[in-house]
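Heads up, the thing below is written out as structure tokens.
The values are calculated or read from the model by the stated rules, or taken from the named source; none is laboratory data. Everything numeric in this text was worked out from a predicted model, so none of it was measured. Because the Cβ atoms are built from the backbone with ideal geometry, glycine has one as well, and the counts that use them run over all protein chains shown.
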Amino acid sequence: MSMFELIPKLREASPLIHNITNVVVTNFTANGLYALGAAPVMAYAKEEVADMASIAGAVVLNIGTLSTEEVEAMVIAGKAANKKGVPVVLDPVGAGATSFRTESAQRILQEVDVTVIRGNAAEVASVAGENLVVKGVDGGAVSGDTQELAEKVSELFDCTVVITGEIDVIANEQGTNLVRNGHPIQTKVTGTGCLLSSVVGAFCAVEEDVLKATTVAVSVYGVAAEKAAQKTAELGPGSFQVEFLNELSKVSEADAAFSKVERVDE
Amino acid sequence: MSMFELIPKLREASPLIHNITNVVVTNFTANGLYALGAAPVMAYAKEEVADMASIAGAVVLNIGTLSTEEVEAMVIAGKAANKKGVPVVLDPVGAGATSFRTESAQRILQEVDVTVIRGNAAEVASVAGENLVVKGVDGGAVSGDTQELAEKVSELFDCTVVITGEIDVIANEQGTNLVRNGHPIQTKVTGTGCLLSSVVGAFCAVEEDVLKATTVAVSVYGVAAEKAAQKTAELGPGSFQVEFLNELSKVSEADAAFSKVERVDE
Amino acid sequence: MSMFELIPKLREASPLIHNITNVVVTNFTANGLYALGAAPVMAYAKEEVADMASIAGAVVLNIGTLSTEEVEAMVIAGKAANKKGVPVVLDPVGAGATSFRTESAQRILQEVDVTVIRGNAAEVASVAGENLVVKGVDGGAVSGDTQELAEKVSELFDCTVVITGEIDVIANEQGTNLVRNGHPIQTKVTGTGCLLSSVVGAFCAVEEDVLKATTVAVSVYGVAAEKAAQKTAELGPGSFQVEFLNELSKVSEADAAFSKVERVDE
């Protein structure tokens, strides 16, 4: 049986994914999670995030348009999730672009037991305290070896690290996978990284093996993007966004044929 | 003349609908109201909500991503609307999922004279103090008879109650209607319930008979959804969302032929 | 060489555009900027806006869903931009609809050296202290001569003024241009004005001649809208929004043929 068996498992469970995310991507994130088969909820108030996180299948913390108050809510939600054994995904959007973002991401990592960090190389390096230049929040380049970076940060924070880029790297103490799915047009549509972090949360909600769950999430997501990009090649990013939601709703076990995963730690 | 005569009436008046709504659905709500022919405005600051509510045709309060401050603004807006006779719609998103949501919805109902409550069965039961399990914010199942629930809550808060589900129930002291329009794909697109609450507000802005206004709103909305679902059946939820806006802009008096309304209190 | 030479210049530079904008249009704004070839970022927290504005190519301040705290962040961002010579665009959404909006826009203009004001006639008149009735935030009509209004406000605040409407007017001390591009369906899709303000910022980031930069921005934007409207004429506003993003990604120097700019101050 292929790893894509997790797709029907996710759809049957329809896990509640509690997102504390940025104002740019809320709608796209909710619709992407619905399309895939999960049940999204957004809740930000300190008065309720612990309650919501406690009944969720996963909690996703995204600092894309953070405020001090929102970071405090993220810490409360994260701690509540930790207490119940609910997986927590951190998306350190724009870490490195301002010290406020870098420090907020680091604060969350200090106070919450984060299951998965998902970002681009520059963001992940920034939360680890590397000094790298970040341009924008959806781009980001990094010098050095991305695989080494993922493995180092995984060890540092004792969690799974997903670094997305031309080739995606997923590393934790069990091993390291490369995923070669996806399409460049994803970098021209806002929220494609943020939604992936929430999709990672959704798969972690239905599979305890985090290396497997995150690898499937990244590959499934990339396969859906490839299909959407192919169908909208002549059209543009507006149509891609729409078709991508369609493809997320259709992706299935049979799409394992398009998965490009390589184990590289052995 | 059919009840759908309210469609051209709405388009001619183009009422200003003041929404205090959640961050997930703002864009979809504004575009949905524009498509139908209304004029949306979002305003949240305590310093201005009374001014905005006073010049609006309807005020829509949606607690989907509430905060204590936002609930205070909702109360201010609601009271200003009451003073001017502007109809107020409450969408108690996720009531029952956390006590903060349930209590906030109840606080609004205590301090504001709400014209219409629009939610799913579990949300409506929660604001009424029933003990029911809510899963997610767009789903929600309820035991017992939904018609009875709608009528009971309508009496309790002396307002019109719209409970949406497979069959929609609309009840106030004048009577109870069932509406059998709509399509299951609506549950896979975020904000379809929230936008309906705003559409209810738009029809209440142009028709004083609230039972008629809300019934037409629910039926028109469901007819547009059915048409969009039919046109995008092979595509998916991304395309449905786009086509649904198209259909809202095209829906007309002639579509009364597709309306499925049943009076059940007689 | 035509003024549309700025399109490839923008795409090559891919300037970072820092938006402090309203919750309704964040996604559409980010995707529109990406489609055109710029790099959007949204950052709102007082702790980081100065850092972000300092590294940006332009800063766009949009009061569509303002709060006192957000206005303070706008002032901080604007001052940081001024210090670095980064152009600042102000979109006074809904000025005139509530005194809070009018006064907030005026406060920003007092404390920040604004490069471009972009609004409809009623909004622009309101920030200038005229007494005009505003209905809604995307509409707005004004009595009197729009060209005179633009020139007067330009002189008053020593900046470039862009008033959009059936005919767009752009005025600063160097001259006044009229632009006759665009399509009426833009008024049925939320955020088309807001995104234009951000696109104005993107062109100002790559061209120091502000009259030229803003005129090209308005004309390019209008040409993309015309093409999208033509392709989706039978469909509706949902499809227009999607196709408009596609067209923004495709607009090129060759489209100068469709540009309708008239110099009127000579």
Requested in this report: Residue by residue through the range A:44-55, note down the ones that are surrounded by fewer than 24 Cβ atoms within 10 Å (Cβ to Cβ) and either assigned to a helix (DSSP H, G or I) or away from chain B (no Cβ under 12 Å) (or both).
Outcome: A:50, A:51, A:54
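From the list A:128, A:105, which residue is modelled with pLDDT of 95 or more and farther than 19 Å from residue A:204 by Cα?
Details: A:128 fails: modelled with pLDDT of 95 or more.
The unique qualifying residue is A:105.
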Query raised in the report: When only residues in the range B:172-196 that are part of a loop (DSSP other than H, G, I, E, B) and within 12 Å of chain A (Cβ to nearest Cβ) count, which is surrounded by the most Cβ atoms within 10 Å (Cβ to Cβ)?
Result: B:190
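May I ask you to say which residue of C:192, C:187, C:176, C:214 is touching a strand residue (DSSP E or B) at 6+ places or on another chain (Cβ under 6 Å) and not aliphatic (A, V, I, L, M)?
Working: C:192 fails: touching a strand residue (DSSP E or B) at 6+ places or on another chain (Cβ under 6 Å); C:187 fails: touching a strand residue (DSSP E or B) at 6+ places or on another chain (Cβ under 6 Å); C:176 fails: touching a strand residue (DSSP E or B) at 6+ places or on another chain (Cβ under 6 Å).
Sole residue among the options that is touching a strand residue (DSSP E or B) at 6+ places or on another chain (Cβ under 6 Å) and not aliphatic (A, V, I, L, M): C:214.
Just one of B:122, B:141 is within 14 Å of chain A (Cβ to nearest Cβ), more than 25 Å from residue B:210 (Cβ to Cβ) and modelled with pLDDT under 95; which is it? Break it down stepwise before answering.
Details: B:122 fails: more than 25 Å from residue B:210 (Cβ to Cβ).
Going through B:122, B:141 in turn, the sole match is B:141.
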Query raised in the report: Cβ-Cβ below 7 Å, separation at least six or inter-chain, first residue in the range C:1-27 and assigned to a loop (DSSP other than H, G, I, E, B), second acidic (Asp, Glu): which pairs?
Result: C:2/C:253
Query raised in the report: In this structure, is residue B:25 touching a Gly at 6+ places or on another chain (Cβ under 6 Å), within 9 Å of another protein chain (Cβ to nearest Cβ) and closer than 15 Å to residue C:23 by Cβ?
Result: yes
Requested in this report: Report the residue count in the range A:57-78 for those that are in contact (Cβ under 8 Å) with a residue 60 or more places away in the chain and over 17 Å from residue A:111 (Cβ atoms).
Outcome: 3
Report task. Select from the range C:230-242 the residues that are crowded, with 19+ Cβ neighbours inside 10 Å and under 26 Å from residue C:170 (Cβ atoms) and write down the one among them that is nearest to the other protein chains (Cβ to nearest Cβ). Result -> C:241
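Using the structure shown, decide if residue C:93 is β-branched (Val, Ile, Thr), part of a strand (DSSP E or B) and touching a residue at least 60 places away in the same chain (Cβ under 8 Å).
Details: β-branched (Val, Ile, Thr): yes; part of a strand (DSSP E or B): no; touching a residue at least 60 places away in the same chain (Cβ under 8 Å): yes.
Spelling it out, it is not the case that residue C:93 is β-branched (Val, Ile, Thr), part of a strand (DSSP E or B) and touching a residue at least 60 places away in the same chain (Cβ under 8 Å).
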Report task. Filter the range C:224-247 for residues that are closer than 15 Å to residue C:199 by Cβ and in contact with a Leu (Cβ under 6 Å, 6 or more places away or on another chain) and give the result. Result -> C:224
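Find the residue count for the range C:197-207, including only residues that are in contact with a Lys or Arg (Cβ under 8 Å, 6 or more places away or on another chain) and crowded, with 23+ Cβ neighbours inside 10 Å.
Of the residues in the range C:197-207, the ones in contact with a Lys or Arg (Cβ under 8 Å, 6 or more places away or on another chain) are C:197, C:200, C:206-207.
Retained after the next criterion (residues that are crowded, with 23+ Cβ neighbours inside 10 Å): C:197, C:200.
Residues meeting the conditions: 2.
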Requested in this report: Any residue in the range B:244-266 that's over 25 Å from residue B:190 (Cα atoms): show its pairings with residues that are charged (D, E, K, R) at Cβ separation under 7 Å, as long as the two are six or more apart or on different chains.
Outcome: B:253/B:5
Query raised in the report: Within the range A:84-103, is there a residue that is surrounded by fewer than 24 Cβ atoms within 10 Å (Cβ to Cβ), out of contact with any helix residue (DSSP H, G or I) (no Cβ under 9 Å at 6 or more places or on another chain) and either within 11 Å of chain C (Cβ to nearest Cβ) or closer than 22 Å to residue C:41 by Cα (or both)?
Result: yes
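Okay, residues lined up against (1) at pLDDT below 95; (2) closer than 14 Å to residue C:116 by Cβ; (3) under 15 Å from the mean Cα position of the chain (by Cα):
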residue: C:182; (1), (2), (3): no, no, yes
residue: C:197; (1), (2), (3): no, yes, yes
residue: C:202; (1), (2), (3): no, yes, yes
residue: C:218; (1), (2), (3): no, yes, yes
residue: C:226; (1), (2), (3): no, no, no
residue: C:229; (1), (2), (3): no, no, no
residue: C:247; (1), (2), (3): no, no, no
residue: C:250; (1), (2), (3): no, no, no
residue: C:264; (1), (2), (3): yes, no, no
Report summary line: When residue A:66 is run through (1) touching a Phe, Trp or Tyr at 6+ places or on another chain (Cβ under 8 Å); (2) at pLDDT below 95, the failure sits at (2)
Report task. Could you tell me whether residue C:41 is within 9 Å of chain A (Cβ to nearest Cβ), in contact with a strand residue (DSSP E or B) (Cβ under 7 Å, 6 or more places away or on another chain), among the aliphatic types (A, V, I, L, M) and buried (at least 24 other Cβ atoms within 10 Å of the Cβ)? Result -> yes
**Report entry** Filter result for residue A:69 (more than 10 Å from chain B (Cβ to nearest Cβ) and in a helix (DSSP H, G or I))
**Finding:** no
Query raised in the report: Any residue at all in the range C:211-230 that is part of a loop (DSSP other than H, G, I, E, B) and touching a residue at least 12 places away in the same chain (Cβ under 8 Å)?
Result: no
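Each row is one residue, and each column tells you yes or no for (1) facing chain A (nearest Cβ under 10 Å); (2) crowded, with 24+ Cβ neighbours inside 10 Å.
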| position | (1), (2) |
| --- | --- |
| C:3 | no, no |
| C:21 | yes, yes |
| C:29 | yes, yes |
| C:37 | yes, no |
Requested in this report: Confirm whether residue C:66 is under 16 Å from the mean Cα position of the chain (by Cα) and surrounded by 24 or more Cβ atoms within 10 Å (Cβ to Cβ).
Outcome: no
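In the range A:243-266, how many are more than 9 Å from every other protein chain (Cβ to nearest Cβ), among the hydroxyl-bearing types (Ser, Thr, Tyr) and crowded, with 18+ Cβ neighbours inside 10 Å? Lay out the reasoning, then the answer.
Here is the first cut: in the range A:243-266, the ones more than 9 Å from every other protein chain (Cβ to nearest Cβ) are A:251-266.
From what is left, the residues that are among the hydroxyl-bearing types (Ser, Thr, Tyr) are A:252, A:259.
Cutting the leftovers down to crowded, with 18+ Cβ neighbours inside 10 Å gives us A:259.
Of the residues in the range A:243-266, 1 are more than 9 Å from every other protein chain (Cβ to nearest Cβ), among the hydroxyl-bearing types (Ser, Thr, Tyr) and crowded, with 18+ Cβ neighbours inside 10 Å.
Yes or no, residue by residue, for (1) under 24 Å from residue C:10 (Cα atoms); (2) touching a Lys or Arg at 6+ places or on another chain (Cβ under 6 Å); (3) touching a residue at least 60 places away in the same chain (Cβ under 8 Å); (4) buried (at least 19 other Cβ atoms within 10 Å of the Cβ):
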site	(1), (2), (3), (4)
C:147	no, no, yes, no
C:152	no, no, no, no
C:159	yes, no, no, yes
C:209	yes, no, no, no
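Only one of A:13, A:58, A:80 is surrounded by 24 or more Cβ atoms within 10 Å (Cβ to Cβ) and either among the aliphatic types (A, V, I, L, M) or modelled with pLDDT under 95 (or both); which? So that I can check it myself, show each step before the final result.
Details: A:13 fails: surrounded by 24 or more Cβ atoms within 10 Å (Cβ to Cβ); A:80 fails: surrounded by 24 or more Cβ atoms within 10 Å (Cβ to Cβ).
Of A:13, A:58, A:80, the one residue that is surrounded by 24 or more Cβ atoms within 10 Å (Cβ to Cβ) and either among the aliphatic types (A, V, I, L, M) or modelled with pLDDT under 95 (or both) is A:58.
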Query - Selection count where residues are of a type in the set (Asp, Glu) and under 13 Å from the mean Cα position of the chain (by Cα), scope the range C:91-122 - result: 1
Report summary line: Among (1) at pLDDT 95 or above; (2) farther than 26 Å from residue B:42 by Cβ; (3) not β-branched (Val, Ile, Thr), residue C:148 falls short only on (1)
